[in-house]
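Everything below concerns the one structure shown next.
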Amino acid sequence: MRPIDNTRFALGAATGNRLRTVLLMLAMSIGVAAVVVLTALGDGARRYVVNEFSSLGTNLVIVLPGRTQTGGFSPQNVITGTPRDLTIEDALALRRATAARLVAPIVVGTSEISGAGRLRESIVVGTVADYYAVRNFRMAQGRFLPEEDWTRGSPVIVLGAKVREDVFGSAPALGQFVRIGDRRFRVIGVLGSSGMGLGMNTDELSFVPIATAQQMFNTNTLFRILVEARNREAIPAAKEQVREIIKARHGGEEDVTTITQDAVLATFDRLLGTLTLGVAGIAAISLAVAGILVMNVMLVSVSQRTSEIGLLKALGATEAAVRNAFLTEAAMLSFAGALLGYGLGQLGAWIIRLLYPTLPAYAPQWAVVAAIGTALVTGLLFGFLPARRAAALDPVLALAKR
Amino acid sequence: MNSPPTALIELAGIERVFRLGDSEVHALHELDLRIDAGEYVAVMGPSGSGKSTLLNLLGLLDRPTAGTYHLEGRDITTLSPHEQAQVRSQRIGFVFQSFHLVPRLTAAENIALPMMLAGVAPAERAKRVTQALDDYGLTDRSHHRPDQLSGGQRQRVAIARATIMQPAMILADEPTGNLDRATGEEVIRLLEKLNARGVTLIVVTHDAAVGRRARRRLDMEDGMIRADTRVAAA
């Protein structure tokens, strides 16, 4: 029998009994839909947590001055004395680290911003252009701090959303001047409102070039240096390089602390990834159940169609032809069910996203592929026994049944 | 019909034993039979005489417990199931009492079924089906499904299907059993027409009227041929 004839014949057989076909597809589709929806939920939760952490910036290594070390008093402490501060030069040196993609030093101070006749206290952050990329900020208006020499600060300022609102209200802020102490700054950008990050509400911050901030606060030290590693795998290398560079610059003294948020993130990622997998496994059970249902329905179908099978054999069908016809039928029913289930699952995930907009409930690709694959394999696997039974039917008995 | 008759079927020492619980039933017993190409044979006898078993055996749907079966000089009993399927496909046409049409297929599709199973190209299939529909007066019924056809039409579809692969023999099991007399006669005439064209026709029947029309009559009883009568063509 030609493959196309086989397919058409099986299709005819599959659609011949509507109720059976619909029930079977329903069973299969529920299995697939369950996998899609549950993995979408699990993966959505994982993505939600990861995203929350990523809003701090991904693959971040945070460098703090001073060494925090448990161990209390040791002879080493007596000899080494106080740690050195971090400087802009240290930050510039860190740019040489091959595992680092971006380096952003920050200085933090509190000051009063006045403009448009209003006065507001704000935390002023001195930093550089790259900070924008490191923190994954989003501009509401204008642009972030310009790329410039870190040791020369231009009199420009970027306002957090809340600061802008408090100072300018509904009036336009972009291009206006504000005053901090005795300095005048031109507003070149306003950040989109975001929320908490690194323990500070970004909406209430103002950003000025780092050199300007250092002059303003009369300091030459840095609060932190944020280093973004090239990728997740590069984080340990970045951490190591940061330590090496600082150690070399600080006279062999390792007097900084490096923190990676990734350690926490990875744990959550793994935890929730496993959870998703577990949930997918539970959903897969329904696929197996669907497979058994396929087998039952196909077995019933074989016994209902014994006379047809006998006839096919009498007309010269080989055992292989009969088996293929039934296998094709099972495969088609499973596949159609899987497709339907995929549609239902995506619909379910969409409804979840509608109900909980913060949860990015998208089924991961691997789950979708696995669900449809499993549906097909179970369909074929469980279709095999009925198909073999059909092929082995004695045509005499099959035909005798009127 | 001028060529000397060649042996189409040769059965020698055929036994067919069914096991029913503890007892053995000899459906066929020490059966020897030779049927030449082009013959018109009616197999008659009471229920349980073994005539259906004989027909199934001739049609390669069943295997003898013992004995040999030569079809066109080939020992059929030694063939693999695959080869037997091929022989059924190419050399044998079946006509059943209850028609055995596939209910979800149209008349045309039912007729095309053996060709589809044999892997005949679609174009060739369409050509032959059109011809067959025309031959059996079913052209306007080609897209009807069996439940939309009368008994006579159904059996005509079945005969068209049995002949579509141009087999050497037609095995008909009570072809008129589910039909009224007039329709039954029409069907028998169709089968006889095929026989006139050289196709060997073997009909199993209860109906004495049908049996009388055949040129050769096998009367069976208890799995044996009791009488083998040849009569002049009607």
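Count of region B:90-114 residues, restricted to those that are within 10 Å of chain A (Cβ to nearest Cβ), among the small types (Gly, Ala, Ser) and open to solvent by 10 Å² or more (accessible area, probe 1.4 Å), is 2.
For (1) open to solvent by 10 Å² or more (accessible area, probe 1.4 Å); (2) touching a strand residue (DSSP E or B) at 6+ places or on another chain (Cβ under 8 Å); (3) of a type in the set (S, T, N, Q); (4) modelled with pLDDT under 85, each residue gets a yes or a no:
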residue	(1), (2), (3), (4)
A:Leu19	yes, no, no, yes
A:Val22	yes, no, no, no
A:Ser29	no, no, yes, no
A:Ala33	yes, no, no, no
A:Tyr48	yes, no, no, yes
A:Pro65	yes, yes, no, yes
A:Gln76	yes, no, yes, yes
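Of everything in region A:302-322 that is open to solvent by 30 Å² or more (accessible area, probe 1.4 Å) and more than 7 Å from chain B (Cβ to nearest Cβ), the residue that is nearest to B:Phe99 (Cα to Cα) is A:Arg305. Considering region B:186-218, and only residues there that are open to solvent by 70 Å² or more (accessible area, probe 1.4 Å) and in a loop (DSSP other than H, G, I, E, B), the residue that is modelled with the lowest pLDDT turns out to be B:His206. Within region B:173-185, if we keep just the residues that are within 14 Å of chain A (Cβ to nearest Cβ) and more than 12 Å from the chain's Cα centre (by Cα), the residue that is least open to solvent (accessible area, probe 1.4 Å) turns out to be B:Gly177. When the criteria are applied in full, B:Gln148 fails the requirement of being farther than 23 Å from B:Asn178 by Cα and more than 14 Å from every other protein chain (Cβ to nearest Cβ). Taking the criterion of being of a type in the set (Gly, Ala, Ser) and part of a loop (DSSP other than H, G, I, E, B), the only residue of region B:147-164 that qualifies is B:Ser150. Residue count for region B:122-154, restricted to those that are small (Gly, Ala, Ser) and open to solvent by less than 40 Å² (accessible area, probe 1.4 Å): 4.
Residues in region A:330-338 include none that are crowded, with 22+ Cβ neighbours inside 10 Å, part of a helix (DSSP H, G or I) and within 14 Å of chain B (Cβ to nearest Cβ).
Does region A:354-398 hold any residues that are part of a helix (DSSP H, G or I), open to solvent by less than 50 Å² (accessible area, probe 1.4 Å) and under 18 Å from A:Phe326 (Cβ atoms), and which are they? Spell out the reasoning first.
First, the residues of region A:354-398 that are part of a helix (DSSP H, G or I): A:354-355, A:365-392, A:395-398.
Remaining after also requiring open to solvent by less than 50 Å² (accessible area, probe 1.4 Å): A:367-368, A:370-373, A:375, A:378-379, A:382-383, A:386-387, A:390-391, A:395-396, A:398.
Scanning region A:354-398 gives A:Ala375, A:Thr378, A:Gly379, A:Phe382, A:Gly383, A:Pro386, A:Ala387, A:Ala390, A:Ala391, A:Pro395, A:Ala398.
Residues that are open to solvent by less than 20 Å² (accessible area, probe 1.4 Å) and farther than 14 Å from B:Ile202 by Cα were ranked within region B:46-59; the one that is nearest to the chain's Cα centre (by Cα) is B:Gly50. In the set B:Leu117, B:Leu133, B:Leu55, only one residue is within 14 Å of another protein chain (Cβ to nearest Cβ), of a type in the set (A, V, I, L, M, F, W, C) and in contact with a helix residue (DSSP H, G or I) (Cβ under 7 Å, 6 or more places away or on another chain); that residue is B:Leu117. Residues of region B:79-89 that are touching a strand residue (DSSP E or B) at 6+ places or on another chain (Cβ under 9 Å) and surrounded by fewer than 23 Cβ atoms within 10 Å (Cβ to Cβ): B:Val87 alone. The residue of region A:256-267 that is most open to solvent (accessible area, probe 1.4 Å), among those that are at pLDDT below 80 and not in a helix (DSSP H, G or I), is A:Ile259.
Listed by first and then second residue, the pairs linking a residue in region B:101-129 that is polar (S, T, N, Q) to a residue that is open to solvent by 20 Å² or more (accessible area, probe 1.4 Å) and in a loop (DSSP other than H, G, I, E, B), with Cβ atoms under 9 Å apart and 6 or more places separating them unless they lie on different chains, are B:Thr106/B:His143; B:Thr106/B:His144; B:Thr106/B:Arg145; B:Asn110/B:Leu101; B:Asn110/B:Arg145. The number of residues in region A:143-198 that are under 30 Å from A:Asn51 (Cβ atoms) and outside any strand (DSSP E or B) comes to 19. For region A:105-123, the set of residues classified as within 22 Å of A:Glu89 (Cβ to Cβ) and buried (at least 20 other Cβ atoms within 10 Å of the Cβ) consists of A:Pro105, A:Ile106, A:Val107, listed by residue number. Applying a threshold of 7 Å to beta carbon distances and a minimum spacing of six or more residues, or different chains, the list of pairs starting in region A:117-133 at a residue that is closer than 12 Å to A:Leu205 by Cβ and in contact (Cβ under 8 Å) with a residue 60 or more places away in the chain and ending at one that is of a type in the set (Phe, Trp, Tyr) and open to solvent by less than 40 Å² (accessible area, probe 1.4 Å) reads A:Val125/A:Phe207; A:Thr127/A:Phe207.
In this structure, is B:Val157 away from chain A (no Cβ under 12 Å), touching an Asp or Glu at 6+ places or on another chain (Cβ under 9 Å), surrounded by 15 or more Cβ atoms within 10 Å (Cβ to Cβ) and at pLDDT 90 or above?
Working: away from chain A (no Cβ under 12 Å): yes; touching an Asp or Glu at 6+ places or on another chain (Cβ under 9 Å): no; surrounded by 15 or more Cβ atoms within 10 Å (Cβ to Cβ): yes; at pLDDT 90 or above: yes.
No, not satisfied.
Residues in region A:36-44: is at least one under 16 Å from A:Gly337 (Cα atoms) and open to solvent by 10 Å² or more (accessible area, probe 1.4 Å)? Yes: region A:36-44 contains one or more residues that are under 16 Å from A:Gly337 (Cα atoms) and open to solvent by 10 Å² or more (accessible area, probe 1.4 Å). Only one of the numbered conditions (1) surrounded by 13 or more Cβ atoms within 10 Å (Cβ to Cβ); (2) in a loop (DSSP other than H, G, I, E, B); (3) touching a Lys or Arg at 6+ places or on another chain (Cβ under 9 Å) is violated by A:Ala140, and that is (2). In region A:9-26, the residues that are facing another protein chain (nearest Cβ under 9 Å) form Cβ pairs under 8 Å with partners that are of a type in the set (Lys, Arg), at six or more places apart or across chains, as follows: A:Gly12/B:Arg104; A:Ala13/A:Arg305; A:Ala13/B:Arg104; A:Gly16/B:Arg104. Kindly check whether there is at least one residue in region B:165-172 that is open to solvent by 30 Å² or more (accessible area, probe 1.4 Å) and in a helix (DSSP H, G or I). Checking region B:165-172: not a single residue is open to solvent by 30 Å² or more (accessible area, probe 1.4 Å) and in a helix (DSSP H, G or I).
The values are calculated or read from the model by the stated rules, or taken from the named source; none is laboratory data. Given the structure is predicted, the values throughout are model-derived calculations rather than measurements. Because the Cβ atoms are built from the backbone with ideal geometry, glycine has one as well, and the counts that use them run over all protein chains shown. Accessible surface areas use protein heavy atoms only, side chains included; no ligands, DNA or RNA. Shrake-Rupley method; radii C 1.70, N 1.55, O 1.52, S 1.80 Å.
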